[in-house]
Amino acid sequence: MKKLFLTLTAVAALTLASNAQTEKGKFIVGGQVGFQSSKVKDTDAKTNSFSINPTAGYFVSDNWAIGTGVGYNFGKVETGADNSIKTSSFQAAPFVRNYVGNGQFRFFSQLSVPMAWGKTTTEVASVETDRKFETYGVELAPGFAFFPTNRVGIELKVRGLYFEHRNEKTADIKTNTFGLDANSLAPTLGVQFHF
């Protein structure tokens, strides 16, 4: 009887702790940092990229958070001694997130509005050409969160349904992209901190 009481008390404590993570007045902090480098053997071709995109949100009611992500991306592709393409952009992505369920395992959906402003510099034979661009989009992404403690959420998320409008200002090229990316075999893995 004593073991049963202790087990029920532990389960109740875990349930209460995990419910407190997404209640009104709490904060969520996370983000993404990335670096990639590649080189083609026996050539001058190489690629380097770097990105940093922190996010923060606030629970306006139980299981409903609003917030934004801001960040910077940079990439450079070199195909020869005097040939390269550099892209840099500032990004912002306000979002609304909803958690469904109770306990340590929860599903969530996130509606975000990703935006970016930047420039692409192309260098060919030491002659540089700059093209400014801006992108605006909408994205609905589903995910799954596991809360091993009351302050940490480990998440698996797919991109989901998205639309993006890209405007190359200098060349006056406009591109619209629409898609559904729900590859369950290649989700993004993330960690969010709740306090």
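What follows is calculated from the coordinates using simple rules that are stated; it is not laboratory data. Quantities reported herein were computed from a predicted structural model and do not represent experimental measurements. Cβ atoms come from the backbone with ideal geometry, glycine included; neighbour counts cover every protein chain shown.
What you get for the chain, charging only the Cβ of Lys and Arg (+1) and of Asp and Glu (-1), is a dipole of about 820 debye around the Cα centre.
According to the Kirkwood expression over distinct Cα-Cα pairs, how big is the hydrodynamic radius of the stretch 38-105, in Å?
Values: mean 1/r = 0.0656 Å⁻¹.
15.2 Å is the Kirkwood radius here.
I need the Kirkwood Rh of the chain: take the reciprocal of the average 1/r across all distinct C-alpha pairs and report it in angstrom. Write out the running numbers ahead of the final one.
Values: mean 1/r = 0.0517 Å⁻¹.
Kirkwood radius, the chain: 19.3 Å.
Near the amide H of R159, within less than 5 Å, lie the amide hydrogens of N183, all on another chain or at least 5 residues away, with H placed in the peptide plane. Among the trypsin sites (Lys or Arg not before Pro) in the stretch 160-192, those located in a DSSP loop and surrounded by at most 13 other Cβ atoms within 10 Å of their own Cβ are K169. Among the listed pairs K24/K157; K119/K157; K132/K174; K76/K119, those with a Cα-Cα distance over 21 Å are K24/K157; K119/K157.
Going by the alpha-carbon gyration tensor, a ≥ b ≥ c the square roots of its eigenvalues, is the stretch 124-163 rounded (a/c under 1.5) or, if a/c is not under 1.5, prolate (a/b greater than b/c) versus oblate? Intermediate values should be presented prior to the final figure.
On the way: a/c = 4.48, a/b = 2.43, b/c = 1.84.
It comes out prolate by the Cα gyration axes.
Taking amide H positions as modeled 1.01 Å from N, with prolines and chain starts lacking one, the residues under 5 Å from G31 and 5 or more places away or on another chain are T55, V191.
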